[in-house]
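Sharing a structure here in structure tokens format.
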Amino acid sequence: MNSRVWKVPAGLCVLALASAATLPGVARAADAAEKPPLYTYVSNWAIPRARWADMEKAGAADDKILDKHLAAGSIVGYGDDVTLVHQADGGTHDNWWQAMSMAALFNVLDEFYKSGTPTSPVLSSATKHWDSVWVSRYYNWHSGARHGAYTHVASYKLKADAPDDAVDQLSKAVVVPMLEKLLADGVLIEYEVDEQAIHTEAPGTFLILYIAPDSSGLDKVGAALRETLKANPLAGPAFGSMVDFTAHRDELSRTNVTYK
């Protein structure tokens, strides 16, 4: 993504975002409205290749705990990911769950600690481990379980002079309308726009995440983005006026996911 193409004078930003909301075929304004906070706890692991099969087996034991909390309504979703595009210093696997409160999120973590999961042989073999907690106010999903889905995460960092409500503006006018339509069409299982709830990184980082049931969803999202930018040429520059693209990174994973 070439940041020079996306740059636009700041005065045009509001105009671009306003016009994006009027695109034909995008979601209604109500669909892009801010929702109650959705919290996500993510544990990332760098597991030696020889232990990958053991990691898959360990997930079955985790699911028993998570299914119990899902049935009780204390969490709304959970999943695990296997990295498809590896980085030299990156993780290979992650586990995550989502709740509508921080308390519910950490009650699950407490149960994992009591069960001894964090000190299991396969997790003890990890060469790196880190956790993060995210909060989203723009999200939606289809209920049910899916194995072998695809998760794409795009990480962005806001520019220092971006407005305080930059993530809200971009979500409501550009990101959510497009992803909401793809969700309605069955192209996506879930999407969310995340900011850090516990700032283990510098403030200003946000994620645009979606889960597709199969690999064709990756192409369909790409096509939808191109159509959105074609229908509203100012939407892309508006995004670029707020975002430092030198910090942009993508992640792609295979996912097992369950939503209430």
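The values are calculated or read from the model by the stated rules, or taken from the named source; none is laboratory data. Source: prediction; values computed, not measured. Positions of Cβ are generated from backbone atoms using ideal geometry, with glycine treated the same way; all protein chains shown enter the neighbour counts.
Only one of these is under 16 Å from the mean Cα position of the chain (by Cα), among the basic types (Lys, Arg) and either exposed (fewer than 15 other Cβ atoms within 10 Å of the Cβ) or farther than 27 Å from Arg249 by Cβ (or both): Lys64, Lys57, Lys35. Name it.
Working: Lys64 fails: under 16 Å from the mean Cα position of the chain (by Cα); Lys57 fails: under 16 Å from the mean Cα position of the chain (by Cα).
Selected residue: Lys35, the only one of Lys64, Lys57, Lys35 that is under 16 Å from the mean Cα position of the chain (by Cα), among the basic types (Lys, Arg) and either exposed (fewer than 15 other Cβ atoms within 10 Å of the Cβ) or farther than 27 Å from Arg249 by Cβ (or both).
Another question, if that's okay. Which of the residues belonging to segment 144-172 are of a type in the set (Gly, Ala, Ser) and in contact with a strand residue (DSSP E or B) (Cβ under 8 Å, 6 or more places away or on another chain)?
Residues satisfying the conditions are Gly144, Ala145, Gly148, Ala149, Ala154, Ser155, Ala162, Ala166, Ser171.
So, one more: For segment 38-54, give me the residue count where each residue is under 22 Å from Leu109 (Cα atoms) and either of a type outside the set (D, E, K, R) or within 23 Å of the chain's Cα centre (by Cα) (or both).
Within segment 38-54, the first condition is being under 22 Å from Leu109 (Cα atoms), and the residues that meet it are 38-47, 54.
Keeping just the survivors that are either of a type outside the set (D, E, K, R) or within 23 Å of the chain's Cα centre (by Cα) (or both) gives 38-47.
Number of matching residues: 10.
Looking only at residues that are surrounded by 17 or more Cβ atoms within 10 Å (Cβ to Cβ) and in a loop (DSSP other than H, G, I, E, B) in segment 209-243, which one is modelled with the highest pLDDT?
So, considering only residues that are surrounded by 17 or more Cβ atoms within 10 Å (Cβ to Cβ) and in a loop (DSSP other than H, G, I, E, B), the one modelled with the highest pLDDT is Pro213.
Anything in segment 135-174 that is modelled with pLDDT of 95 or more and of a type in the set (Val, Ile, Thr)? List them, or say none.
Val135, Thr151, Val153, Val167
If I filter segment 166-182 for residues that are surrounded by fewer than 21 Cβ atoms within 10 Å (Cβ to Cβ), acidic (Asp, Glu) and not in a helix (DSSP H, G or I), do I get at least one hit?
Checked against the condition, which is being surrounded by fewer than 21 Cβ atoms within 10 Å (Cβ to Cβ), acidic (Asp, Glu) and not in a helix (DSSP H, G or I), segment 166-182 yields no hits at all.
Considering only segment 73-80, I want to know if a residue exists there that is surrounded by 13 or more Cβ atoms within 10 Å (Cβ to Cβ), within 24 Å of Val153 (Cβ to Cβ) and among the β-branched types (Val, Ile, Thr).
Residues of segment 73-80 that are surrounded by 13 or more Cβ atoms within 10 Å (Cβ to Cβ), as a first pass: 74-80.
Then keep just the ones that are within 24 Å of Val153 (Cβ to Cβ); that gives 75-80.
Retained after the next criterion (residues that are among the β-branched types (Val, Ile, Thr)): 75-76.
Scanning segment 73-80 turns up at least one residue that is surrounded by 13 or more Cβ atoms within 10 Å (Cβ to Cβ), within 24 Å of Val153 (Cβ to Cβ) and among the β-branched types (Val, Ile, Thr).
Take the residues of segment 113-153 that are assigned to a helix (DSSP H, G or I) and polar (S, T, N, Q): which is surrounded by the most Cβ atoms within 10 Å (Cβ to Cβ)? Spell out how you get there, then give the answer.
At the first step, the residues of segment 113-153 found to be assigned to a helix (DSSP H, G or I) are 113-115, 117-119, 121-124.
From what is left, the residues that are polar (S, T, N, Q) are 115, 117, 119, 124.
Values: Ser115: 14, Thr117: 18, Thr119: 9, Ser124: 10.
Once the filter is applied, the top-ranked residue is Thr117.
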